[in-house]
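This report refers to the structure that appears directly beneath it.
The values are calculated or read from the model by the stated rules, or taken from the named source; none is laboratory data. As the structure is a computational prediction, the values presented were derived from the model and not from experiment. Glycine also receives a Cβ, built like all others from the backbone with ideal geometry; neighbour counts cover every protein chain displayed.
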Amino acid sequence: MNQTERLYRIDQLIHQRTVVPFGDLQRELEVSRATLKRDVAFMRDRLNAPIVFDRERGGYCFAPSRFGPQYGLPGMWFNDREVLALLTMHRMLDELDTGGLLGPHIQPLIARLNALLGTASNSVDEILKRVRIVAAQNRPVEPNCFEVVGSALVSRRRIEVSYFTRSRNARGLRELSPQRLVHYRNAWYLDAWCHRNDELRVFALDAIEQARLIERRARDVSLAEVDRVLGSGYGIYRGRRLSWATLRFSAEAALWVRAEVWHPRQQSRELPDGGYELRIPFGASPELEMDILRHGEQVEVVSPPSLRRRIAERLGQARERYG
C-alpha cells in the first residue's frame with residue numbers, strides 16, 4: 001500500500017468509526033509506528049486535515065469544523081486493482097461506443113489512469129489487448145444524434161426528428177418528448193412520447209436521420225408508466241396488449257435455453273423427456289419469431305395459434321426459397 005492509499009484509508013476509517021485507536025490504524029495499514037506518525041503529520045501539515053488525538057476516547061478523530069485552510073485529499077486516486085477495473089470498463093465502453101460519442105471525452109480519463117498505474121503501465125497495455133467485446137450486428141448511431149437526444153433528455157425539451165420507418169420503407173417528421181435511452185442487443189433505442197400519434201413509442205436511434213432541439217417543454221411521463229406501457233412485452237416490439245407464447249425446447253436445446261433470460265417475467269418448467277418449456281409475454285411478434293427460428297427444429301410453438309401459424313408460414317417460405 002503506497003502513501004496515497006494509506007492517506008485515503010486513514011481518512012475513511014476515521015469517518016466511518018469517528019474515533020480510531022493508534023493500534024487499530026497501525027494494524028489496518030500494516031505499517032510501522034514511525035510511518036503512521038509521518039502519515040498523520042503529513043495529513044495535518046500538508047493537507048490541512050483537522051486530525052487530533054482525543055485522550056479521553058483513546059484515538060484519532062476529526063476536530064469539529066473550524067475556520068482555516070480547507071482540508072482535501074489529493075485528487076482522484078485508485079489502487080492498481082481499481083485502475084485495472086476502470087480500464088476494463090473503458091474497454092467495454094469503447095466497444096459499445098459505435099457512434100464515437102464517448103471516445104473524445106473518455107481519453108483524458110484513460111491517460112490519467114495510465115499515469116496513476118506508474119510502473120505498472122505494462123498492465124494497461126496488456127488488459128486493453130486481452131479484453132475484447134464483440135458487438136455483433138451493431139447499428140452505429142451518428143454522434144450528433146446522441147448529442148441532441150442526450151441534451152433533450154437532460155434539459156427536458158422536445159426534439160424534431162426525420163425518421164425512417166423500415167417496416168413501411170417510409171420517412172416522416174416526428175415531434176418527440178424523450179423519456180429514456182435503452183441499449184438492447186447492440187442497438188440504441190429511444191422511449192419517447194410521440195406527439196403525432198399521442199402515445200408512447202420506441203424509436204431506433206440509427207433510424208433517426210436528422211434531429212434538432214425544439215424550444216418546447218417535453219411532456220413528462222413517469223418512468224413507471226413508461227415501464228408499464230413499453231417495458232412489459234418481449235424485445236423492442238412492446239405494448240400494453242400482451243399475449244403469452246409457450247415454447248417447448250428439445251433436451252438438446254434445453255442445455256442452453258434454460259440458462260438464458262428471454263424476459264424478466266418469463267415462466268418455465270422442466271419436461272419429463274429432458275426438454276424445457278418457456279412462457280414469455282410479447283406484443284408484436286416479429287422479433288420473437290426471429291429468435292424462435294434460430295433454434296430450428298429444436299423448438300415447438302405450442303401457443304398462441306397465431307404465432308404458431310406465423311412460424312409455419314416462415315418455415316414454408318424458407319423451404320420454397322431454398323428447396
### Query
For Thr35, all conditions in the list (1) loosely packed, with under 15 Cβ neighbours inside 10 Å; (2) touching a Ser or Thr at 6+ places or on another chain (Cβ under 9 Å) hold save one; what is the number of the exception?
(2)
### Query
Within segment 183-213, can you find the residues that are surrounded by 13 or more Cβ atoms within 10 Å (Cβ to Cβ), closer than 14 Å to Cys145 by Cα and touching an Asp or Glu at 6+ places or on another chain (Cβ under 9 Å)?
Ala187, Trp188, Phe203, Leu205, Asp206, Ile208, Gln210, Ala211, Leu213
## Note on the structure
Only one of (1) touching a residue at least 24 places away in the same chain (Cβ under 8 Å); (2) surrounded by fewer than 17 Cβ atoms within 10 Å (Cβ to Cβ) does not apply to Val257, and that is (2)
### Query
Restricting the search to segment 287-314, which residues are surrounded by 13 or more Cβ atoms within 10 Å (Cβ to Cβ) and outside any helix (DSSP H, G or I)?
His295, Val299, Glu300, Val301, Val302, Ser303, Pro304
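Table: residues versus (1) over 22 Å from Glu287 (Cβ atoms); (2) part of a helix (DSSP H, G or I).
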| position | (1), (2) |
| --- | --- |
| Cys145 | yes, yes |
| Arg158 | yes, no |
| Glu175 | yes, no |
| Arg180 | no, no |
| Asp206 | no, yes |
### Verdict on Val221 being part of a loop (DSSP other than H, G, I, E, B) and in contact (Cβ under 8 Å) with a residue 24 or more places away in the chain
yes
### Summary
Filtering segment 40-62 down to residues that are part of a strand (DSSP E or B), farther than 18 Å from Gln3 by Cα and not aromatic (Phe, Trp, Tyr) yields Val52, Asp54, Gly59, Cys61
### Query
Looking at this structure, is Ala284 under 25 Å from Arg309 (Cβ atoms), modelled with pLDDT under 90, of a type in the set (A, V, I, L, M) and surrounded by fewer than 18 Cβ atoms within 10 Å (Cβ to Cβ)?
yes
## Note on the structure
Scanning segment 42-64 residue by residue, those at pLDDT below 90, more than 14 Å from His15 (Cα to Cα) and either exposed (fewer than 13 other Cβ atoms within 10 Å of the Cβ) or among the polar types (S, T, N, Q) (or both) turn out to be Asp45, Arg46, Asn48
### Task
Would you check if Glu160 is of a type outside the set (Gly, Ala, Ser) and surrounded by 13 or more Cβ atoms within 10 Å (Cβ to Cβ)?
yes
### Query
Given Arg269, Arg212, Arg228, which one is more than 19 Å from Tyr163 (Cα to Cα) and either part of a strand (DSSP E or B) or at pLDDT 90 or above (or both)?
Arg269
### Query
Filter segment 154-174 for residues that are among the charged types (D, E, K, R) and free of Cβ contacts under 8 Å to residues at least 40 places away in the same chain; which is farthest from Leu230 (Cα to Cα)?
Arg171
